[in-house]
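Inspection log for the structure reproduced underneath, given as structure tokens.
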Amino acid sequence: MTRYSFEGESGATALDSDELPTTKPLEAALETSMGDESELLWGVGAVAERVGIATPTLRTWERRYGIGPSQRTGGGHRRYTETDIRRVQLMNRIVSSGVSAQSAARVALSLDAGGLVAALASDDPLYHAPGHVIATPDESVTRIVGGAAALDVVGLTTVLADAVRDWGVLGAWVNVLAPALREVSDGVEAGIIGVESQRIALERLEVELRSVARTYAPRYVGARPLVLASVDAEAESLALLALEAALAGKGIAVLSLGFEVTADAVAGLLRRVTPAAVYLWASHAPDSGVVDAIATSAGEGPVVLVGGSGWSESAGSVGAARLEPAPDLLATADRLVGLLQGTPATR
């Protein structure tokens, strides 16, 4: 087999001779098994084109999680069957919903051919997974609320850790953690759950998010760092911790001013650094002094992403600062990474 290299947008890439582009992709990609029942087999390049997933991603899924081709040709080349492709499609769909790749792989590998077909046809593919593989968001929310109400610290700690493991930090926040906190809060207001249970749930979640961030031990700050802050108290600002932990998972260390941030703290920091972006959380209408401090202290007018229900939905600007609504925490993380990577290094 011959190895080829070409220079693309992302640099030199090596390809096997059997994966080179062809004017007849179907003929080159498909081979027929010689068993009693013939089956079309697909090469990795053809699978990538068919399911819309980059070839390097497919190779990573095969290497790390065992989601890959199960057959070999007479020449020893690995090939995907239709069942293998359905498993890839299911994993892609589950990952796209916010579940971590490791957990998505566990679900995809737990299903046989019939289970894969049923899961792909379902509005909720996780419904078809065995219960021990991964809990659905509703199941996790129920366990969190129940653990808080029962003051079950051990059970609460376990389900929070499981949710973060299965969904990733931000996937867990959007699908499990934030809904669970809302349900606990509603229970307190209705007199069904005690305020002590709510405090324990908040404390356990804070510990879990901080533990995740420490485990990642991020090292990259950048010439123009990211700044995170909240004008709210800690109990109302756990989304900020979730965002910090998610960025830590990408290797990025942020400058966090924490909770109940003051205008003086913001102004003092921005006099010393020029950030790539500032993320400011507020669940209630914020003190204008904090935003004014950003506007007057930021030399080059960084993008200021604002999250939480305390902000209006329309974008705007204050002084040199551009305010950009950021209601979606998953999209916000990607936006912050893009802003960090897009800023030139200072000389």
Point to revise | DSSP beta bridge pairing in the range 220-342, given as percent antiparallel to the nearest 5 | key: 15
Check your understanding: How far is it, in nm, from the label point at E206 to the one at I192 when both lie 7 Å from their Cα along the line to the Cβ?
Key -> 2.6
Review point. Cβ under 10 Å from I134's Cβ, I134 left aside: what net charge do those residues give with Lys, Arg +1 and Asp, Glu -1?
Key: -1
Study note, to complete from the structure: Percent relative contact order for the range 62-207, counting Cα pairs under 8 Å at least six residues apart, stands at 20
Check your understanding: By count of other Cβ within 10 Å, fewest leading, how are S185, S197, S283, S230 ordered?
Key -> S185, S283, S197, S230
Revision key, fill the gap. Mean separation of Cα contacts under 8 Å (at least 6 apart) over the residue count of the range 220-342, i.e. the relative contact order in percent, is 26
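We did not get these values from a lab; they are worked out from the coordinates using the rules stated. Quick caveat, the model's predicted, so the values are computed rather than measured. Counting neighbours? That spans all protein chains shown, and the Cβs are built from the backbone with ideal geometry, glycine included.
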